[in-house]
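I have placed the structure first, in the form of structure tokens, so that the comments after it can refer back to it.
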Amino acid sequence: MKKPSAIYLDNAASSWPKPDETWQAMEHFMRSVGANPGRSGHRLSIEAGRILLEARDALAELFGIDDPLRIVFTRNATESLNLVIYGILRPGEHCVTTSMEHNSVMRPLRALEQKGLEVTTVSCSSQGELDPQKIEKAIKKNTRLIVTTHASNIVGTLMPVDEVSEIARSHDIPFCIDAAQTAGAYPIDIEAMNIDLLVFTGHKSLYGPQGTGGLYIREGLEKKLEPLMRGGTGSRSESQEQPNFMPDKYESGTPNTVGIAGLEAGTRFCLEQGIAHIRAKEEGLTHMLIEGLGSIPGVTLYGCGDEKRQVAICSFTVRDLSPSEITMQLDEEFGIMSRPGLHCAPIAHQTIGTSPHGTVRLSAGYFTTDEEIAVAIEAVTKIAARSHNQG
Amino acid sequence: MAKDKQANSYSVVLFHSTSGALMAEKLLKKEGIAYKIIPVPRNLSSDCGVCLRFSRQDESLVRKALAEKVEFQSICNL
């Protein structure tokens, strides 16, 4: 794979570059298959259908899911979260979430709040850490869903999802994990972790293209979960009612088969490299970021400061400089891609104390090298020193 | 004569969805059971999907291969 000339440290938004296998699988679909899956019996349609099934198989293997048909494809984690939140919760019911969530959780919840949903947002520490006991205390008689991120998209802090899932199970409340920042980068086992609903995106650590994502639904929960959209599925075509079986209940309309072909290849890449190996590499990069950024005069680093308890995401601010100014300097002078501001998670910035200006986020991926991290730390050092001298 | 007739007769296994049919395909392939993917015959169902055709004498093998692995609607004689 040709390494790009830019130093790309915005992997928490979209991973890049991708493994060659990802775009090769997409090219193969576009050139040689192209048909609509599950809509006819001809060989190309069947081949397209096989691509969807192979992608479900790869994801099922990665997450320890017995039945690959329990996985539904969506456009992204946001659509999966909307499907869960709008599909389960009704006015008068109650939902528990945390103060580290992305707007893909908060905005649907706030919209439903206007229609009579009760929402409890459990406070996390300024390092982004969640005390699971607070989740238990927030549970009420009418609590119908607990939804938390698996790792913060701002500071990378991992949530105690094992403890939360035990609490949810003991109260018989479905637990939804937003694994946008962890799927492919951190071990996830549906059975060992007792996960009811797992939301993932394809274009981050699963190394698929944008426009792909999905949702795992535990057996039985599909009876409580309304679909977000209804329409043609290629099945039960005589009926004007939506099918009630998996995955068709939640997969109306022609899917993003070309994207899912790439998602399958990206997921298989993760399986081949091994999640333990990917994780070990990213822990090393995160350690470098924490040590390097944390020791620059004038730089404030946020988060737990422990690579074992977070994913490869670091947020910082520089005294007297706005995050957008730093991101611009990193790009224009040093060729380093970062992301400034609120990262679509205003409540999480309030929690860590960086609202309303936000932070600069550097996020590494499997293809990031030690040298690139060293160059980035050197660049931030120069920017901070310059600003200090000017000030 | 009766035995010959059975050897040349086919059955089909019908699924809720194409995904189910393609999952079953993988299982039959793994067990080495001969099959062909065909469009669902209109007299059996109005679904626009596909089903798996196999030799009727293999029915018990097919049922065993699919048992508890993939849910199917029914097995019908052609």
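Per-structure values
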read-out: Positions within segment A:43-55 being buried (at least 21 other Cβ atoms within 10 Å of the Cβ), touching a residue at least 12 places away in the same chain (Cβ under 8 Å) and more than 20 Å from A:LEU197 (Cβ to Cβ), in sequence order; value: A:ALA48, A:GLY49, A:ILE51, A:LEU52, A:LEU53
read-out: All positions within segment A:36-51 that are more than 7 Å from chain B (Cβ to nearest Cβ), in a helix (DSSP H, G or I) and not small (Gly, Ala, Ser); value: A:ARG43, A:LEU44, A:GLU47, A:ILE51
read-out: Segment B:35-47: number of residues that are more than 8 Å from every other protein chain (Cβ to nearest Cβ) and touching a helix residue (DSSP H, G or I) at 6+ places or on another chain (Cβ under 7 Å); value: 1
read-out: Which listed residue is farther than 21 Å from A:ILE313 by Cβ, in contact (Cβ under 8 Å) with a residue 24 or more places away in the chain and crowded, with 24+ Cβ neighbours inside 10 Å, from A:LEU198, A:LEU206, A:LEU263, A:LEU225; value: A:LEU263
read-out: Yes/no for A:GLY64 being open to solvent by 10 Å² or more (accessible area, probe 1.4 Å) and either within 16 Å of A:PRO247 (Cα to Cα) or at pLDDT below 95 (or both); value: no
read-out: Where B:TYR35 falls short, out of the listed (1) in contact with a Lys or Arg (Cβ under 7 Å, 6 or more places away or on another chain); (2) modelled with pLDDT under 90; value: (2)
read-out: Helices (runs of 4 or more DSSP H) enclosed by segment A:299-391 - at least 3 residues per element that are open to solvent by 50 Å² or more (accessible area, probe 1.4 Å) and modelled with pLDDT of 95 or more; value: A:323-334, A:370-390
read-out: Residue check for B:ASN8: more than 14 Å from every other protein chain (Cβ to nearest Cβ), under 12 Å from the mean Cα position of the chain (by Cα), over 21 Å from A:ASP57 (Cα atoms) and modelled with pLDDT under 95; value: no
read-out: A:GLU372 free of Cβ contacts under 8 Å to residues at least 24 places away in the same chain, within 29 Å of A:PRO19 (Cα to Cα) and out of contact with any His (no Cβ under 9 Å at 6 or more places or on another chain); value: no
read-out: Count of residues meeting criterion [outside any strand (DSSP E or B) and surrounded by 17 or more Cβ atoms within 10 Å (Cβ to Cβ)] in segment A:94-114; value: 11
read-out: Matching residues, segment B:13-31, being facing another protein chain (nearest Cβ under 8 Å), farther than 15 Å from B:ILE75 by Cα and either among the hydroxyl-bearing types (Ser, Thr, Tyr) or in contact (Cβ under 8 Å) with a residue 40 or more places away in the chain (or both); value: B:THR18, B:SER19, B:MET23
read-out: Single unsatisfied condition, A:ILE146 versus (1) open to solvent by 20 Å² or more (accessible area, probe 1.4 Å); (2) touching a residue at least 12 places away in the same chain (Cβ under 8 Å); value: (1)
read-out: Search result, residues across segment B:16-37 that are touching a Phe, Trp or Tyr at 6+ places or on another chain (Cβ under 6 Å) and more than 14 Å from B:ASP58 (Cβ to Cβ); value: B:HIS16, B:ALA21
read-out: Filter result (under 23 Å from A:ARG56 (Cα atoms) and within 14 Å of chain A (Cβ to nearest Cβ)) within segment B:48-70; value: B:CYS48, B:GLY49, B:VAL50, B:CYS51, B:LEU52, B:LEU66, B:ALA67, B:GLU68, B:LYS69, B:VAL70
read-out: Identity of the residue in segment A:52-91, among the basic types (Lys, Arg) and more than 19 Å from A:ARG268 (Cα to Cα), that ends up nearest to the other protein chains (Cβ to nearest Cβ); value: A:ARG75
read-out: A:ALA58 being assigned to a helix (DSSP H, G or I), open to solvent by less than 60 Å² (accessible area, probe 1.4 Å), among the small types (Gly, Ala, Ser) and over 30 Å from A:CYS314 (Cα atoms); value: no
read-out: Enumeration of residues in segment A:288-304 that are under 21 Å from the mean Cα position of the chain (by Cα) and not hydrophobic (A, V, I, L, M, F, W, C); value: A:TYR302, A:GLY303
read-out: Per-region count, segment A:240-257, residues without any contact (Cβ under 8 Å) to a residue 24 or more places away in the chain and either open to solvent by less than 20 Å² (accessible area, probe 1.4 Å) or more than 9 Å from chain B (Cβ to nearest Cβ) (or both); value: 6
read-out: Residue among A:SER355, A:SER387 that alone is touching a residue at least 24 places away in the same chain (Cβ under 8 Å) and hydroxyl-bearing (Ser, Thr, Tyr); value: A:SER387
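The values are calculated or read from the model by the stated rules, or taken from the named source; none is laboratory data. Source: prediction; values computed, not measured. Cβ sites come from the backbone with ideal geometry, for glycine too, and all protein chains shown count toward neighbours. The area values use the complete protein model at the heavy-atom level, side chains included, leaving out ligands, DNA and RNA. Shrake-Rupley method; radii C 1.70, N 1.55, O 1.52, S 1.80 Å.
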